[in-house]
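Worksheet: the structure to be examined is printed underneath.
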Amino acid sequence: MDIAALTSAWVAGWTVSRGTPAAVHEPWGHRIEVGLPRHVVRHVLPAPDAATVGALCARLTTPYSWLKIMAGPEDAHAWITEGWTVPDDPGFMMVKPLDPGARPAPPEGYARTTEVRDGVIRVRVLAPDGTLAARGQIAPTGSTAVADQIETDPAHRRRGLGANVMRTLEAAAAQAGAETGVLAATTDGLALYDSLDWRYRGPLTGIVRDGGGTADGTGTGIVTADGIRTGIVTG
């Protein structure tokens with residue numbers, strides 16, 4: 001899967017996972033009308049360059065318009081114009097062949113639930129007192145599936161819950177027909193994904209008009225792959 005195909009798969013799954021309208025194809029890549037206060041619109045560029053990024057920076061004047069480019073932060077900083085910033089940690093596009101038989105047992109001492117809603121498979125791990133300890137979701141779209149919003153509560157980290165959620169999601173997506181998993185990891189999520197045999201395919205950098213906030217408008221405490229903060233491992 002080349003970067004263009006990887007980007008298309010990620011965009012398709014991300015829009016299903018986040019419940020946004022389907023992406024619109026543009027000459028530079030994909031446009032998603034996200035509609036959140038701090039994430040109004042997202043343009044995803046699989047093959048960015050200085051001219052394309054500069055033109056979009058000049059054209060997009062609405063605060064909290066986002067660009068997601070398949071390039072490193074050093075390029076992003078060189079290409080953006082006044083009024084734009086690179087607010088997030090570096091991102092890392094990753095893929096993995098999915099195995100329908102890899103579903104693990106629930107973690108000892110915890111309960112685990114799996115449900116499918118609006119085309120998204122959602123896994124929750126509950127602590128003995130019933131509070132949410134970890135969660136995640138994955139959106140299958142044909143032969144690929146995008147993992148998103150993987151989160152472990154700080155009080156329950158270092159117990160293998162993130163890995164359990166991921167393996168459960170991977171198996172469920174494979175059983176739904178997906179063959180390849182796709183995600184966008186932050187630095188905080190790399191160790192988990194490496195341990196689960198996800199393979200790095202290239203850099204991802206977020207750029208925002210007028211700065212501020214995170215890509216999905218949520219607070220800290222997440223370690224996800226596409227704007228996952230400490231505690232979420234996807235984005």
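The values are calculated or read from the model by the stated rules, or taken from the named source; none is laboratory data. Not measured: the values here are computed from a predicted model. Quick reminder, even Gly has a Cβ in these numbers, built from the backbone with ideal geometry, and neighbours come from all protein chains shown. Note: accessible area is taken over every heavy atom of the protein model, side chains too, but ligands, DNA and RNA are not part of it. Shrake-Rupley method; radii C 1.70, N 1.55, O 1.52, S 1.80 Å.
Given the criterion free of Cβ contacts under 8 Å to residues at least 12 places away in the same chain, out of contact with any Gly (no Cβ under 8 Å at 6 or more places or on another chain) and among the small types (Gly, Ala, Ser), identify the matching residue among 202, 130, 189, 160. Just one listed residue meets the conditions, 130. Could you tell me whether any residue of the range 86-100 is outside any helix (DSSP H, G or I), without any contact (Cβ under 8 Å) to a residue 40 or more places away in the chain and among the charged types (D, E, K, R)? The answer is no, given that none of the residues of the range 86-100 is outside any helix (DSSP H, G or I), without any contact (Cβ under 8 Å) to a residue 40 or more places away in the chain and among the charged types (D, E, K, R).
Would you confirm whether or not the range 37-49 contains a residue that is under 20 Å from residue 145 (Cα atoms), open to solvent by 10 Å² or more (accessible area, probe 1.4 Å) and in a helix (DSSP H, G or I)? No. The set of residues in the range 5-33 being open to solvent by 20 Å² or more (accessible area, probe 1.4 Å), more than 17 Å from residue 204 (Cα to Cα) and in contact (Cβ under 8 Å) with a residue 40 or more places away in the chain consists of 16, 18, 19. Looking at 25, 30, just one residue is outside any helix (DSSP H, G or I) and in contact with a strand residue (DSSP E or B) (Cβ under 6 Å, 6 or more places away or on another chain), and that residue is 30.
Quick check: anything in the range 154-169 surrounded by 22 or more Cβ atoms within 10 Å (Cβ to Cβ) and charged (D, E, K, R)? No, the conditions are met nowhere in the range 154-169.
Would you check if there is a residue in the range 201-219 being modelled with pLDDT under 95, within 15 Å of the chain's Cα centre (by Cα), open to solvent by 20 Å² or more (accessible area, probe 1.4 Å) and of a type in the set (A, V, I, L, M, F, W, C)? So far as the range 201-219 goes, no, none of its residues is modelled with pLDDT under 95, within 15 Å of the chain's Cα centre (by Cα), open to solvent by 20 Å² or more (accessible area, probe 1.4 Å) and of a type in the set (A, V, I, L, M, F, W, C). Out of the residues in the range 73-86 meeting the condition of being loosely packed, with under 15 Cβ neighbours inside 10 Å and not hydrophobic (A, V, I, L, M, F, W, C), tell me which one is nearest to residue 184 (Cα to Cα). Ranking the candidates gives 74 first.
Residues that are farther than 24 Å from residue 55 by Cα and aromatic (Phe, Trp, Tyr) within the range 11-28 comprise just one, 14. Taking the range 66-121 as the range and being over 21 Å from the mean Cα position of the chain (by Cα), over 26 Å from residue 56 (Cα atoms) and modelled with pLDDT of 95 or more as the test, the residues that pass are 110, 111, 112, 113. The criterion of being aliphatic (A, V, I, L, M), in contact with a His (Cβ under 7 Å, 6 or more places away or on another chain) and open to solvent by less than 10 Å² (accessible area, probe 1.4 Å) holds for residue 134. Looking at the range 101-109, is at least one residue open to solvent by less than 30 Å² (accessible area, probe 1.4 Å), more than 18 Å from residue 48 (Cα to Cα) and part of a strand (DSSP E or B)? No, the range 101-109 contains no residue that is open to solvent by less than 30 Å² (accessible area, probe 1.4 Å), more than 18 Å from residue 48 (Cα to Cα) and part of a strand (DSSP E or B).
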